[in-house]
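Trainee: I have a structure I would like to understand better, so I am pasting it below and will then ask my questions one at a time.
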Amino acid sequence: KDTFRAMMNLAKELNLPVVIHDRDAHKDTLEIIKEFPEVKGVVHCFSGSVEFAKECIKEGYYIGFTGVVTFKNAKKILEVAKEIPVDRILVETDAPYMAPVPNRGKRNMSHYIKSIIEKIAEIREIEPKELNIIVNKNFSDLMGIEI
């Protein structure tokens with residue numbers, strides 16, 4: 001927790017976004033996020049519930065989806081992908097891990113992002129190209145850059 005707080009302090013000082021990998025520490029993660037309201041970022045490789053996602057979003061965070069969203073037993077993540085605002089979705093590889101179906105078990109690659117976008121678009125009932133444009137804007141907004 002001390003290291004996490006130090007990272008958040010540094011992000012605050014440098015006015016940079018953070019990438020948070022929360023694994024089985026949702027309560028602690030949210031507690032520390034709330035201590036630093038001026039810091040924004042992404043909860044990378046999201047593994048929590050819809051409720052946790054909504055709390056993170058309330059604090060200004062994005063939710064990062066990996067290839068897990070394509071896995072057969074990923075019901076909780078599918079629910080999160082469907083329920084959260086589309087303007088808070090990011091996609092990521094988490095390479096070399098968590099390659100999406102049909103490449104599950106292989107080394108993850110950047111071009112596999114397409115499968116993640118297609119799955120979330122299917123869940124959201126929108127065109128993949130539309131979701132891709134939204135996700136790119138979300139990334140641009142988070143990083144404060146033009147793409």
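Trainee: Do you know which residues across the range 16-44 are in contact with a Lys or Arg (Cβ under 8 Å, 6 or more places away or on another chain) and either among the basic types (Lys, Arg) or crowded, with 21+ Cβ neighbours inside 10 Å (or both)?
Mentor: Filtering the range 16-44 down to residues in contact with a Lys or Arg (Cβ under 8 Å, 6 or more places away or on another chain) leaves 17-18, 28, 32, 35-36, 38-39.
Hit for the range 16-44 is Val39, nothing else.
Conditions (1) modelled with pLDDT of 95 or more; (2) closer than 20 Å to Lys76 by Cβ, marked per residue:
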site	(1), (2)
Asp2	yes, no
Met7	yes, no
Leu14	yes, no
Arg23	no, yes
Asp28	yes, yes
Phe36	yes, no
Gly41	yes, no
His44	yes, yes
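Trainee: Collect the residues in the range 1-15 that are exposed (fewer than 12 other Cβ atoms within 10 Å of the Cβ) and aromatic (Phe, Trp, Tyr), keeping them in residue-number order. If you could, list the steps in order and put the result at the bottom.
Mentor: From the range 1-15, those exposed (fewer than 12 other Cβ atoms within 10 Å of the Cβ) are 1-3, 6, 13-15; that's our starting set.
Answer for the range 1-15, where residues must be exposed (fewer than 12 other Cβ atoms within 10 Å of the Cβ) and aromatic (Phe, Trp, Tyr): there is none.
Trainee: Still on this structure, please answer the following. Of the conditions (1) under 28 Å from Phe4 (Cα atoms); (2) at pLDDT 95 or above; (3) touching a Lys or Arg at 6+ places or on another chain (Cβ under 8 Å); (4) surrounded by fewer than 22 Cβ atoms within 10 Å (Cβ to Cβ), Glu92 satisfies every one except a single condition; which number is it?
Mentor: The single condition Glu92 does not satisfy is (3).
Trainee: When the residues of the range 18-67 are filtered to those that are farther than 19 Å from Asp2 by Cβ and among the aliphatic types (A, V, I, L, M), which remaining residue is farthest from the chain's Cα centre (by Cα)?
Mentor: Once the filter is applied, the top-ranked residue is Val50.
Trainee: Now a separate question. Do you know which of the residues in the range 6-57 that are charged (D, E, K, R) and in contact with an Asp or Glu (Cβ under 7 Å, 6 or more places away or on another chain) is farthest from Ser140 (Cα to Cα)?
Mentor: Lys34
Trainee: For the range 101-112, which positions are closer than 22 Å to Lys137 by Cβ and either among the polar types (S, T, N, Q) or buried (at least 20 other Cβ atoms within 10 Å of the Cβ) (or both)? Reasoning before the result, please.
Mentor: The first filter runs over the range 101-112 and keeps only residues closer than 22 Å to Lys137 by Cβ, leaving 110-112.
Within the range 101-112, Ser110, Tyr112 qualify.
Trainee: May I ask you to list the residues in the range 1-21 that are outside any helix (DSSP H, G or I) and aliphatic (A, V, I, L, M)?
Mentor: Listed by number, the residues that qualify are Leu16, Val18, Val19, Ile20.
Trainee: Mind checking which pairs have a first residue in the range 55-66 that is closer than 17 Å to Asp28 by Cα and a second that is surrounded by fewer than 16 Cβ atoms within 10 Å (Cβ to Cβ) and among the basic types (Lys, Arg), Cβ under 8 Å, 6 or more apart or different chains?
Mentor: Close Cβ pairs (under 8 Å, with a partner that is surrounded by fewer than 16 Cβ atoms within 10 Å (Cβ to Cβ) and among the basic types (Lys, Arg)) amount to Glu59/Lys34.
Trainee: When residues of the range 107-137 are filtered for being of a type in the set (Ser, Thr, Tyr) and at pLDDT below 95, how many remain?
Mentor: If we filter the range 107-137 for residues that are of a type in the set (Ser, Thr, Tyr), which is where we start, we get 110, 112, 115.
Those still in the list that are at pLDDT below 95 too: 110.
Counting residues in the range 107-137 that are of a type in the set (Ser, Thr, Tyr) and at pLDDT below 95 gives 1.
The values are calculated or read from the model by the stated rules, or taken from the named source; none is laboratory data. What you see is a predicted model; the values in this text were computed from it and never measured. Cβ coordinates were reconstructed from backbone atoms using ideal geometry, including for glycine residues, and neighbour counts include every protein chain displayed.
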